[in-house]
1. With the crude spin-label approximation of a point 7 Å out along Cα→Cβ, what separation in nm comes out for Lys593 versus Ile79?
2. Pop out the ³J(HN,Hα) list for region 102-108 in order, Karplus 6.51 cos²θ - 1.76 cosθ + 1.60 with θ = phi - 60°, rounded to Hz; leave Gly and Pro as x.
3. Given labels modelled 7 Å from the Cα in the Cβ direction, how far is it in nm from Val379 to Tyr26?
4. Pulled fully out, how much extra length does the chain show between Leu462 and Val295, if you take 0.36 nm times their separation in residues and subtract their Cα-Cα distance?
5. Can you give me the three principal axis dimensions of region 1-124 from its C-alpha atoms, in Å, biggest first?
6. If packing is taken as the average count of other Cβ atoms within 10 Å, what order do 290-297, 348-355 fall into, highest mean first?
7. What nm value, rounded to one decimal, do you get for the distance between Ala340 and Ala271 when each label is placed 7 Å out toward the C-beta?
8. Please compute the length gained on full extension between Leu203 and Asn523, using 0.36 nm multiplied by the number of residues separating them and subtracting their Cα-Cα distance.
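What follows draws every value from the coordinates through simple rules; no lab data is involved. All figures in this text were calculated on a predicted structure; none of them were measured in a lab. Here the Cβ is made from the backbone with ideal geometry for all residues, glycine too, and neighbour counts use every protein chain on show.
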Amino acid sequence: MLIALFAGASLIIIGYRFAVWDQLLYLTFVDRYFQPIIDHPGDLYIRHFLWHSYTTFWMLIYPLKHFLGWEWPLFIIYILVKIGIFWAIWSLAFAFTKDRLSAWLSVLLMLMNKAVVGGGVNFYMADTITRYVALPFMLFGIKQLWERKYLGAALLFGLGVQFHVLSAVYWLLAITFSAGCYRLFNGPTALATGPSSNGRSHLKALGLFLLLALPIVTWYGIAEWGVPSLPPSVDVISLIHNRHGYAFLSNYDSATWKLLMFCILLIILAARHMPENHASRWYLPFTLGIIIVLVIHYLAADAFFFQPLLKFQMIRVVDLLGLLAMIGAARILAVHAQRAGWQRWLVAPVAALFLVATVIPGANAVLFSAAVFLLILLVFEPRPGRLTIPACVVLLVFIVVQLCYPSDFGNGSLRKPIWTPFIVSLLGIATLLFTGWFSTLTHPRRFIKNTMFFVCLTGLVLLVAFEWSGIIEVNSRGSQAQTPLTHHERWDRMVKRTRENIDWPGQGMQTDWIQFQLWIRENTPTGTLFFVPPGLNGFRVFSQRNAFFEVYDCEPVIFQTGYATELLKRMDVFGYSPSPTINRNVEQKLEQKYYSIKASEWQELSQQGDVPYLITNRRVNLPFQKLFVRGDLTLWRIPMAKP
């Protein structure tokens, strides 16, 4: 019940989107696997990647799509996966700590975890894609492995490979390296002890894993056979840097590095608070395994640019450092919350600061650093309360000053309305920690304990979720951020924003862009090629036609340098010139060029590439035949140029 509560709160905070971002890269292919769709040879993306997705997930759910369409299956799977992720986080935290309060605090701190990740964002997904679907399988697989349930771990890891092989690669590498570190710390026989550690069980588990991984490995081998591997040119490297800047540790700013260093520090601090059990012995070794994977990725990406390793995007494993850090912070807080004296009450503001550090945009590193500092004082002070009480007093004075005299802090992100969630979180976590203390008493009945804990946690999670909507609303109002709102107006705004942030099934297919595609599918010949405005992505999905170029066609350039070279030639039509620095305005510049092309140039391009149709999403005048108009979208037929 509580896990479903967290999933619902996460849905409010993060939202849900249909037919956007990376999801479009997969949806483009699914119908083509099962239907006789004619593809134009001039569609580079289809020609290079139709059989290179390496996942069985879309094939498994295609029968559902056939009867229910895409919206309901993808939305239901998104919710189920989200529940699975929070359940897995709770289970993993409980396996480490053997303490329910620590486990629930871990889930709470991971509710809005974007502040503690670098380039991974695996936990912070707003759409259903295979990388997201594989996450609970890998998390539960790790738990099974550390509990020496090797067959269960093999089954879950094998399913992870089936759903997203790239994620499975860096997860399994981290596990392999951590096993080596574990053996180094605990002796050569450390991995060969336990009820399920005989050689036969290991062989069975390995066989099950290979059996599940074999279809994907075979698929990969067949699809990659004969694909040319060209050395990357300077322009290709620049394009990869522009489109995949997250994949390079050298692109991390000082705030991100600070967050990662503090995550490692939290893990080190928490290690001494972990109970003595088999799972907790993996806490530090697994951290070292993750760091080793990151070092390998740094060498492949930043030091030598070795594309065969770079394409695995192993930097996404950095998310696990954030997860382990939040479990560690929750463990330290829970241990001190259940002690006697001042420390129990001092935990509340520290925990609140940790929570708010993941909430407020633009000030994550500052608040997270302060939270870690207070936690260090809590852990190492010579006498309980000697150092932490003055620090908390300073924190409270800072809060009062901000409430009385709102100031610009973090580019204006901490104005007066922003501090509301801080107060709510402070009171809520204080209440939550009180229930943790209350649950240690012997006289109340278990039903009363559980009910009190459930009510307090429910109230806290819902308050935080809706306060997040309030923060987004305040930030979106910009210069009007200090305009006072009544409670009724504020509630209406939050409800409206929450609804707008979620593409409920039945609404996503009604957009002009998708309806425009559906008309094209019914009224144009198959196998034709279209000029599509670079900023409009996903044309191939519902139209079942081909595109000359979309900006999202640049996403797979990290996988094939030959494809990237060909794509650069096509992008040159729209005036794109790669630069070695990250360019955040690629779509805008490409669209500017798109709408500056003259009618005669369109005719010439049409003849060269066999592209008879042109789509615009602005009000423009062209001497071509209009075939269909919906909203700002127009379909034009390009006539043959006169000889």
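1. Between Lys593 and Ile79, the simple spin-label model gives 4.4 nm.
2. Working through the residues one at a time gives 4, 5, 5, 5, 4, 5, 4 Hz.
3. Here the answer is 3.7 nm between the modelled labels.
4. Residue separation times 0.36 nm, minus the Cα-Cα distance, leaves 56.2 nm.
5. Cα spread of region 1-124 along its principal axes, largest to smallest: 58, 33, 25 Å.
6. Top of the packing list down: 348-355, 290-297.
7. 3.2
8. 109.5 nm
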